[in-house]
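Notes follow the structure.
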Amino acid sequence: MPSDIAVRLSGVSKSFPGYTAVSAISLDVPAGKFLSVVGPSGCGKTTLLNMAAGLMPPSEGSIEIFGAPLSGINRRAGYMFQQDSLLPWKTVRDNITLGLQFRGIAPNESAEQAENWIRRVGLDHFSHHYPHQLSGGMRKRVAMAQTWIVDPDIVFMDEPFAALDVHTRLRMETEILNLWAETSKTVMFVTHDLEEAIALSDEVAVLSAGPASRIIGVYPVDLSRPRNLIDIKTDPRFLDLYRTIWTDLKQEVLKSYARTS
Amino acid sequence: MRAPRDRSMLAWQLALGAAMLAAWEGGVRAGVFDKFFFSRPSDIASRVAQLFAAGTIWVHLATTLIEAILSFLIGVTLGVAAGFLLARRRFLADLFDPYLRVANSLPRVVLAPIFLLWFGLGIWSKVALGVTVVFFIVFFNTFQGVREVDPVILNNARMLGASEKQLIRHVLIPSALTWIFSSLHISIGFAIIAVVVGEYLGAAKGIGYMISQAEGVFDTTGVFAGMTILAVVVLAVGSLVGNLERRLLRWKPAHSNTREGVS
Ligand SMILES: Nc1ncnc2c1ncn2[C@@H]1O[C@H](COP(=O)(O)OP(=O)(O)OP(=O)(O)O)[C@@H](O)[C@H]1O
Ligand SMILES: [Mg+2]
């Protein structure tokens, strides 16, 4: 039953000239699940996503997407990048419909969908603005619509909310959970915020500090859904999980501090 | 749209220009400068007026403009095409690299006599000279612009399903446009200079020819009149390019596309 696993990393390593970022990573992301990857800064979370997206080949090991070996771009995935990735020369609307345009769907056919998404991410009055005219949070919202509008089976998200204020963040997290619940997508979500990882996910994978970082544990999160992101952080089960995972993660964060200071 | 501070600066700039012209005029009138070598602003102005009134200027102006526009268009087309091709094909870029460097290090003026022999006294020898100037400026900028595309934006477009053709159209060209435009500002000016130099060295029409004729009879006023007309033409064409740039680069933050005039 190959299609049970959306993303399978088997013994994956990635070395850059003079530096091994990740080593011997084996990780399964079950189809339809929400999996978060946490780890200290610079441990190789983005590198992992880039490999799973087919943007760079692993140095060792193999990657399977729904049971098929991955070569070249991962056509079944959408990717919300850590850095700004909107096309600065396209308006909010044109950025959002870009993926549809690439698939040969004419602007008048995608108009309704575009309207929906623009409303959904709360940018009704900004559809003709250019990215430089938006705030950082608004740009992230455009990127979110841009990624989800093409309806990929897998969505990779790399610290999408790291730069947002608490309120916007909560709103976007709720929105992501709703989107995910409505569809049967697989989400692989990178964050360095353990609370966020637990609150959103079915499973949390913890990476060790680099170089050559490994997976030190994959923790199932058995909190019931739908979740209320405002109250969940005081739920006793949440606190239990947090304590367990943090005990392991803490070691790695301390190692990473020691190495960089 | 000029900010108030810009407007007061413009007033200062005009005042400086007027002061320099007045000093020149006064200096010549008082006999500090020799009128034979320096002419006078008032004489130059009336000569320019006379050239336009008599209509003799039009054929020269038109010739120079046609040559400049042709060399600009041909040079830009070739430069953009070559820039894209080499930026996307590593092998070709490495292959041509030394030859492009050698060709670009050659002072263009030395080519003028060769082009006169090859293409004759008419407009094409000037166009050829202009093309060699414009091509390299546009080529290097396009090449750089395509190479400097933000890899995250490129990857994003790839993940959204862009084909190679769509990448070029939606990512590479718009991204390189900033670089291409900054090269257009410079190359339009250089195109005019190159064709005028070509005309100066051998032609039967054109502003450069007019200047060399005036120089031949020690008519300083005529030389300055030609220079004045040339300067106005370069500024006017430059501001046209600036307008086009502002239209096409609307998506850029305001501070980076309000560069004016000077290229
Ligand atoms: N192209 C590259 N060349 C060389 N080293 C690289 C390259 N890309 C990443 N690295 C290195 O690999 C390591 C992991 O980088 P990565 O971007 O995956 O970290 P990260 O976990 O996403 O960090 P952060 O949380 O800060 O985003 C870093 O030490 C980085 O310096
Ligand atoms: Mg990262």
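The values are calculated or read from the model by the stated rules, or taken from the named source; none is laboratory data. What you are looking at is a predicted structure, and each value in this text was computed from that prediction instead of being measured. Heads up, the Cβs are rebuilt from the backbone with ideal geometry, glycines too, and the neighbour counts pull from every protein chain shown. In case anyone asks, the SASA skips ligands and DNA or RNA and just uses the protein heavy atoms, side chains included. Shrake-Rupley method; radii C 1.70, N 1.55, O 1.52, S 1.80 Å.
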- line: Residue set B:Ala87, B:Ala162; condition open to solvent by less than 30 Å² (accessible area, probe 1.4 Å) and outside any helix (DSSP H, G or I); output residue B:Ala162
query: Among the residues of the range A:237-255, how many are in contact with a strand residue (DSSP E or B) (Cβ under 9 Å, 6 or more places away or on another chain), of a type in the set (Val, Ile, Thr) and open to solvent by less than 70 Å² (accessible area, probe 1.4 Å)?
result: 1
query: What single numbered condition from (1) open to solvent by 30 Å² or more (accessible area, probe 1.4 Å); (2) touching a Leu at 6+ places or on another chain (Cβ under 7 Å) fails to hold for A:Arg169?
result: (2)
- prompt: Of the residues that make up the range A:62-73, is at least one within 11 Å of chain B (Cβ to nearest Cβ) and away from ligand 2 (no atom under 16 Å from the Cβ)?
  reply: yes
- request: List every residue pair whose Cβ atoms sit under 8 Å apart, with the two residues 6 or more apart in sequence or on different chains, where the first one lies in the range B:34-62 and is touching a residue at least 12 places away in the same chain (Cβ under 8 Å) and under 20 Å from B:Ala23 (Cα atoms) and the second, anywhere, is exposed (fewer than 13 other Cβ atoms within 10 Å of the Cβ) and charged (D, E, K, R).
  value: B:Arg40/B:Arg29
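This table checks each residue for (1) under 29 Å from A:Glu195 (Cα atoms); (2) within 12 Å of chain B (Cβ to nearest Cβ).
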| residue | (1), (2) |
| --- | --- |
| A:Asn116 | no, no |
| A:Asp151 | yes, yes |
| A:Asp158 | yes, yes |
| A:Leu177 | yes, no |
| A:Ala181 | yes, no |
message: Filter the range A:96-118 down to the residues that are under 15 Å from B:Arg158 (Cα atoms) and either surrounded by fewer than 18 Cβ atoms within 10 Å (Cβ to Cβ) or without any contact (Cβ under 8 Å) to a residue 12 or more places away in the chain (or both) and list them by number.
response: A:Gln101, A:Phe102, A:Arg103, A:Gly104
message: If A:Met188 satisfies all but one of (1) away from chain B (no Cβ under 14 Å); (2) within 21 Å of the chain's Cα centre (by Cα); (3) within 16 Å of ligand 2 (Cβ to nearest atom), what's the number of the condition it fails?
response: (1)
query: Out of the residues in the range A:219-244 that are outside any loop (DSSP other than H, G, I, E, B) and among the hydroxyl-bearing types (Ser, Thr, Tyr), which is farthest from A:Ala24 (Cα to Cα)?
result: A:Thr234
- prompt: Restricting attention to the range A:124-160, which residues are within 16 Å of ligand 2 (Cβ to nearest atom), among the acidic types (Asp, Glu) and modelled with pLDDT under 95?
  reply: A:Glu159
query: Scanning for something within 14 Å of another protein chain (Cβ to nearest Cβ), touching a Ser or Thr at 6+ places or on another chain (Cβ under 9 Å) and farther than 30 Å from B:Ala62 by Cα, does the range B:77-86 turn up at least one residue?
result: no
